[in-house]
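K.L.:
The structure is given below, and queries will be raised subsequently.
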Amino acid sequence: MANPIALITGATSGIGAAFAEAYASRGHDLILTGRRMDKLNAIAQRCRDRFKVMVETVSAELTNGQDVAALAEKIKSSAVDVLVNNAGFGKLGPFSENAIESQIAMLDVHARATVVLTHAAVGRMKERRSGAIVNVASIAGFLPMPSGAMYSSTKSFLVIFTESLSMELRPFNIRVQALCPGFTHTDFHEKIDIPRERQKNKGVSRWMEPGEVVACSLRALDRGKAVCVPGFWNRALLTAVKLAPRWLYHALFPHFSRDDLV
Ligand SMILES: NC(=O)c1ccc[n+]([C@@H]2O[C@H](COP(=O)([O-])OP(=O)(O)OC[C@H]3O[C@@H](n4cnc5c(N)ncnc54)[C@H](OP(=O)(O)O)[C@@H]3O)[C@@H](O)[C@H]2O)c1
């Protein structure tokens, strides 16, 4: 019998690359997407060599509707068993000062691409009455942030979208999870000019490794959990925020500067 297939977006580095290795180690063939093709091909080759699975790489710019539509067709024709909508990026700075194009790009990659690819995957999954979808959100999805309005709100969209689908698709034996990591050592922060030497535990910030985040996600998926927040400190932070009155959060959060966190 053929191996099950996992399609992972944004698998060039970080959490996506860790998902690729984890699913390959579970005997899945892979379809990996990204833009830095040299890195993506190196990860693909490592998975082929170590786990003897088939790996296809696809160059896809997820702000581009045609690339997303082509990927949706591939999801339908390959009948993927697992979809991980992981691709994403950060952008710091006040909403009014960032170009509108970069704000819309975040909406396109985090929200639009996830919706289109998920829609392409669920039809066949429902027919087969099996499948898994992981949408990589963030703890930021629970934390409104000045200078992070688009990041927090697009990740918040992913949490509610995913929880809703999780309930809708549970009768069809399809597991759907919003993975909500906190600070994780990947390429994400360097791309927004936060160098590795500043990526250390500080104040309420606790850093995790991508492999730990993915292991936590897969354990939670096996248990059918719709929302996975990896790491005790991240869960403690969200619990404190949930318990605090909203006015207090609004009063205190703007006083945290970026330097308090990283
Ligand atoms: N690192 C953290 O602290 C953290 C915390 C919470 C949530 N997350 C989320 O985790 C997910 C993975 O990020 P990461 O931390 O692993 O960062 P990463 O190492 O920078 O990986 C991000 C991946 O997304 C891809 N990507 C970004 N923009 C894209 C676009 N416009 N079109 C196509 N692909 C695009 C990148 O592709 P290329 O590199 O090939 O361009 C890369 O493969 C993201 O959704 C992020 O928001 C990260």
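K.L.:
What nm distance separates the two modelled labels at Ala99 and Ser77, each placed 7 Å from Cα along Cα→Cβ?
P.N.:
Spacing of the two 7 Å Cα→Cβ label points: 3.4 nm.
K.L.:
Please list the non-local residues whose amide H lies under 5 Å from the amide H of Arg206, H modeled 1.01 Å from N, same-chain partners needing a gap of 5 or more.
P.N.:
Phe183
K.L.:
Let me ask you something else. What share of the DSSP beta bridges in the chain is antiparallel, in percent to the nearest 5? Don't jump to the answer; show the numbers that get you there.
P.N.:
On the way: 1 of 26 bridges.
Restricted to the chain, the bridges split so that about 5 percent are antiparallel.
K.L.:
In addition: What does the charge add up to near Leu169, with Lys and Arg as +1, Asp and Glu as -1, over the other residues with Cβ less than 13 Å from its Cβ? Intermediate values should be presented prior to the final figure.
P.N.:
Numbers: positive: Arg124, Lys126, Arg128, Arg129, Arg170, Arg175; negative: Glu127, Glu163, Glu168.
Taking every Cβ under 13 Å from that of Leu169, the sum is +3.
K.L.:
Among Asp67, Asp81, rank each residue by its count of other Cβ atoms within 10 Å, from fewest to most, as a rough exposure measure.
P.N.:
Values: Asp67 17, Asp81 20.
Least crowded to most crowded, the residues run Asp67, Asp81.
K.L.:
Go through 47-55, 158-166 and give me the packing order, highest mean Cβ count within 10 Å leading. Display every interim value, and only then the final one.
P.N.:
Numbers: 47-55: 15.8, 158-166: 18.6.
The peptides rank, most packed first, as 158-166, 47-55.
K.L.:
Sort 24-32, 220-228 by the packing proxy (mean of other Cβ within 10 Å over each peptide's residues), most packed first.
P.N.:
Values: 24-32: 20.8, 220-228: 15.8.
Packing proxy ranking, top to bottom: 24-32, 220-228.
K.L.:
Could you tell me which of rounded, prolate or oblate describes the stretch 1-142, using a ≥ b ≥ c as the square roots of the eigenvalues of the alpha-carbon gyration tensor, with rounded for a/c under 1.5 and, failing that, prolate when a/b is larger than b/c and oblate otherwise? Each step should come with its number before you reach the end.
P.N.:
Working: a/c = 1.98, a/b = 1.49, b/c = 1.33.
The shape class here is prolate.
Read-outs: derived from the displayed coordinates by stated rules, not from any lab. As the structure is a computational prediction, the values presented were derived from the model and not from experiment. A quick note on method: Cβ atoms are made from the backbone with ideal geometry, for glycine too, and the neighbour counts reach across all protein chains shown.
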